[in-house]
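The values are calculated or read from the model by the stated rules, or taken from the named source; none is laboratory data. In this text the structure is predicted, and so the values were computed from the model without any measurement. We place every Cβ from the backbone using ideal geometry, glycine too, and count neighbours over all the protein chains shown. Just so you know, the surface numbers come from the protein's heavy atoms only, side chains and all, with ligands and any DNA or RNA stripped out. Shrake-Rupley method; radii C 1.70, N 1.55, O 1.52, S 1.80 Å.
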Amino acid sequence: MSVSRLTEKLRQILCLRRIHPHTGEACPEADCSVLRGAPVLLPQYSFPCYGFYPYGGSVKKRIHAMKFDFARWIANELGDEMCSVVSAVDFDMITWVPLHYTRIMVRGYNPSQYIARRIARFSGKPLARLLVRTRRTKPQSSLKGEDRLANPVGAFSPVRKADIRGKHILLTDDVVTLGATLDECMKVLYNMGAASVTAVVYTFGGVRPFPRRDAESERQQPV
């Protein structure tokens, strides 16, 4: 991280003029207002995926603040909004798209996990860490075309002793574009014995046709 970038992050943390009214934490220059919406099944993905808002405008600013400016409360607010997915999806267990441990050390937390916690608390369904990111991949936003599709391949492994045979899994993430990361996570979850996997994201953009993910087509030897 450059000195200028580090200085800017410290300035945001210490700036008392931008205090979030509910958490008391420093609020970066972004739209922190709570948006409202209903989950929409996204037909551009051949695996089941629900989303709330197209990526852009104030939604984009909000996501950037959450990811890069220490605005953890935004992840909780996103999760609260996304709780309405329980009316659209029947599931037994909730998990999230994991980050590599080195990225968590830099960012401090995983927004997708925060989102999963809020949905689990609202729904009363169990929250479980099912996936591990075993390879540090480049940020998808830094890649284009086929590189984005290949980047997450082979980057995920199952958590040892996790038993999800016959379970219907809800998989959370903050953003989906081409869908390569979610597709790779679903492949591992199906190989672990999941009966179904449905993704839910806050914001979406992009189109990528993947083969349909279901229990029969994905049944392979465990990874």
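Surface composition of region 59-124: carbon and sulfur make up 52 percent of the accessible area, probe 1.4 Å. Each label was represented as a point 7 Å from its Cα along the Cα-to-Cβ direction; for residue 157 and residue 103 these points are 1.8 nm apart.
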